[in-house]
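**Q** This is the structure I have questions about; it appears just below.
The values are calculated or read from the model by the stated rules, or taken from the named source; none is laboratory data. None of these values were measured; they are calculated from a predicted model. Reconstructed Cβ throughout: ideal geometry from the backbone, glycine too, with neighbour counts over all protein chains shown. The accessibility values were calculated without ligands, DNA or RNA, using every heavy atom of the protein model including side chains. Shrake-Rupley method; radii C 1.70, N 1.55, O 1.52, S 1.80 Å.
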Amino acid sequence: MNQPLFRAPRGTFDLIPPRGEAVLAVREAMAEPLSRAGFGYVETPSFEDTQLFVRGVGESTDVVTKEMYSFTTRGGDDVTLRPEGTAPVVRAALENGLHRGALPVKLWYSGSFYRYERPQKGRYRHFSQVGAETLGTEDPASDAEVIVLAMDAYRALGLTGVRLVINSLGSDESRPAYRAALQDFLRRLDLDDATAKRVEVNPLRVLDDKRPEIQAALADAPVIADFLSKGDRAHHDAVRTLLADAGVAFDDDPRLVRGLDYYTRTLFEFIHDGLGAAQSAIGGGGRYDGLAELIGGPRLPSVGWALGVDRTLLAIEAEGLPLPGTAGVDVYAVPLGEAAAARLFGVVTELRRAGVRADLAVGGRGLKGAMKAADRSGAQVAIVVGERDLADGVAQVKDLGTGDQRPVPLADLVTTLSAALDS
Ligand code: AMP
């Protein structure tokens, strides 16, 4: 056989059935709790001015230094395929004046994101996230709200192995003293040049270094928890209390940092241990009270998260759950002969309009092949119509589970089947 001339680019993949349906179902399950909680849907372009990410996400982050798909357009604009969704949503809110209306503004999005990462299972160059952002409030209730809604989404998908870990990174009140203490500690370590430079530019980034020797050297590093101001501590405690009251279990991780610079105060991650350590975060987020200012807007304290759709699907598989959204059809129609085909085409159309999931064998297949297709379709019921049935004005309705078969008048088929499938 000839090799195909083209393949999906490295680090990307095609979604084909049944995983295609499963991804749609995961996105829906994530969105459902958000729309129920008053979040409005927003969509922003797939690419933005490169500087939005450089300023918003942070110049010294891996995302900006190593992972952006950036290019200059024919018109000379420097743009980047979005590596994340928060900076674009804040940009859109500011541009559309949402911050001047009633606050908070609660928004959610769903879409594709792009990072030039080293591809492996659960880490792709093109991936899919659903995100939630609550803009314009410092209330810890909003931090707790988004976290609870994410946990509800995971639960709705049947996942039982999702762990929530939280931390506080402190605000401007706590960070400078912590930063200085951390720098003091890090300067005493024997670090390579690039890391030593990071200590001076952005010491918190060093905490996110995944190399085991660095992690070992960091064992005694100061933790932010010991530097939190009274206000930051109160905020964090309020979030923790609200979570506990909502029945959401969590672990405190005083070493949790995330790959984006804009976080302040609350920081959290949803972990699934079925995915391998490097990809165990199936979602994450936090508060980003300074992001709007970083990108040239007014102060707009906000909190949000992004959940990885691809990794959530891997978690569903790791737990051995059936793929969501892949139920197939309920009814499969098998016509034997042209006249039956024409009649059943009409029946199937009517069934679909009545809300029944129905499919029809096409291409004049024989009974055996068509019945195989019926089995594969997942249908509970097959309707078979041959010449004689047509003459008698009936269809043979076969229960594919039990094998029972009975004739039903063609004229009653839609009502009979809708009622039977409803019950
Ligand atoms: P982040 O935008 O880095 O906070 O990531 C939020 C979530 O998106 C992560 O917890 C992952 O589930 C998912 N994610 C981030 N990067 C990737 C990637 N390269 N491939 C697949 N999923 C990703």
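**Q** Being touching a residue at least 40 places away in the same chain (Cβ under 8 Å), in contact with a helix residue (DSSP H, G or I) (Cβ under 8 Å, 6 or more places away or on another chain), under 30 Å from VAL79 (Cβ atoms) and not aromatic (Phe, Trp, Tyr), is that true of even one residue in the stretch 136-144?
**A** The answer is yes, given that some residue of the stretch 136-144 is touching a residue at least 40 places away in the same chain (Cβ under 8 Å), in contact with a helix residue (DSSP H, G or I) (Cβ under 8 Å, 6 or more places away or on another chain), under 30 Å from VAL79 (Cβ atoms) and not aromatic (Phe, Trp, Tyr).
**Q** Related question: Can you tell me which of LEU149, LEU164, LEU169, LEU94 is within 16 Å of the ligand (Cβ to nearest atom), open to solvent by less than 40 Å² (accessible area, probe 1.4 Å) and over 23 Å from the mean Cα position of the chain (by Cα)?
**A** Every option except LEU169 fails the conditions.
**Q** Would you check which residues across the stretch 104-126 are small (Gly, Ala, Ser) and either open to solvent by 40 Å² or more (accessible area, probe 1.4 Å) or within 7 Å of the ligand (Cβ to nearest atom) (or both) and list them?
**A** Result: GLY122, single match.
**Q** Please give the number of the condition GLN396 fails out of (1) closer than 19 Å to VAL329 by Cα; (2) crowded, with 19+ Cβ neighbours inside 10 Å; (3) at pLDDT 95 or above.
**A** (2)
**Q** Hey, another quick one. Does any residue in the stretch 99-119 that is farther than 27 Å from PRO301 by Cβ come within less than 7 Å, Cβ to Cβ, of a residue that is small (Gly, Ala, Ser) and away from the ligand (no atom under 12 Å from the Cβ) six or more places away or on a different chain, and which pairs are these?
**A** Final answer for the pair search is SER112/SER46.
**Q** In addition: I'd like to verify a number: residues in the stretch 167-201 that are β-branched (Val, Ile, Thr) and at pLDDT 90 or above, how many?
**A** Within the stretch 167-201, residues that are β-branched (Val, Ile, Thr) and at pLDDT 90 or above number 2.
**Q** So which pairs qualify, if the first residue must be in the stretch 230-241 and at negative phi and among the acidic types (Asp, Glu), the second must be open to solvent by 10 Å² or more (accessible area, probe 1.4 Å) and modelled with pLDDT of 95 or more, the Cβ gap must be under 7 Å, and the two must be at least 6 apart or on different chains?
**A** From residues that are at negative phi and among the acidic types (Asp, Glu), the pairs are ASP232/ARG265.
Matching residues to (1) in a helix (DSSP H, G or I); (2) open to solvent by 20 Å² or more (accessible area, probe 1.4 Å); (3) at pLDDT below 95:
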{"position": "ALA341", "(1), (2), (3)": "yes, yes, no"}
{"position": "ARG352", "(1), (2), (3)": "yes, yes, no"}
{"position": "LYS372", "(1), (2), (3)": "yes, yes, yes"}
{"position": "ASP389", "(1), (2), (3)": "yes, yes, no"}
{"position": "GLY401", "(1), (2), (3)": "no, yes, yes"}
{"position": "PRO407", "(1), (2), (3)": "no, yes, no"}
{"position": "THR415", "(1), (2), (3)": "yes, yes, yes"}
{"position": "ALA420", "(1), (2), (3)": "yes, yes, yes"}
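**Q** A further question on this structure: Is at least one residue of the stretch 326-341 within 16 Å of the ligand (Cβ to nearest atom) and over 30 Å from ASP226 (Cβ atoms)?
**A** No, that holds for no residue.
**Q** With respect to VAL414, is the statement that it is at negative phi, touching a residue at least 12 places away in the same chain (Cβ under 8 Å) and more than 41 Å from the chain's Cα centre (by Cα) true?
**A** no
**Q** Residue by residue through the stretch 259-277, note down the ones that are within 11 Å of the ligand (Cβ to nearest atom), more than 17 Å from ARG205 (Cα to Cα) and hydrophobic (A, V, I, L, M, F, W, C).
**A** Across the stretch 259-277, the qualifying residues are PHE270, ILE271, LEU275.
**Q** Any idea how many residues of the stretch 127-139 are more than 8 Å from the ligand (Cβ to nearest atom) and either open to solvent by 20 Å² or more (accessible area, probe 1.4 Å) or more than 13 Å from the chain's Cα centre (by Cα) (or both)?
**A** Result for the stretch 127-139: 7.
**Q** For LEU159, which of the numbered conditions (1) more than 16 Å from the ligand (Cβ to nearest atom); (2) assigned to a loop (DSSP other than H, G, I, E, B); (3) aliphatic (A, V, I, L, M); (4) open to solvent by less than 30 Å² (accessible area, probe 1.4 Å) fails to hold?
**A** Every condition holds for LEU159 apart from (1).
**Q** Checking the structure you have, find out if any residue of the stretch 63-79 is open to solvent by less than 50 Å² (accessible area, probe 1.4 Å), within 13 Å of the ligand (Cβ to nearest atom), under 25 Å from VAL257 (Cβ atoms) and not β-branched (Val, Ile, Thr).
**A** yes
**Q** Among (1) within 24 Å of PHE127 (Cα to Cα); (2) open to solvent by 10 Å² or more (accessible area, probe 1.4 Å), where does GLY337 come up short?
**A** With (1) within 24 Å of PHE127 (Cα to Cα); (2) open to solvent by 10 Å² or more (accessible area, probe 1.4 Å) applied to GLY337, the lone miss is (1).
**Q** Out of the residues in the stretch 228-247 meeting the condition of being farther than 21 Å from TYR178 by Cβ and buried (at least 16 other Cβ atoms within 10 Å of the Cβ), tell me which one is farthest from the ligand (Cβ to nearest atom).
**A** For the stretch 228-247, the residue satisfying everything is LEU242.
**Q** Might you let me know whether the stretch 317-328 holds any residue that is assigned to a helix (DSSP H, G or I) and more than 23 Å from ARG82 (Cα to Cα)?
**A** Yes: one or more hits.
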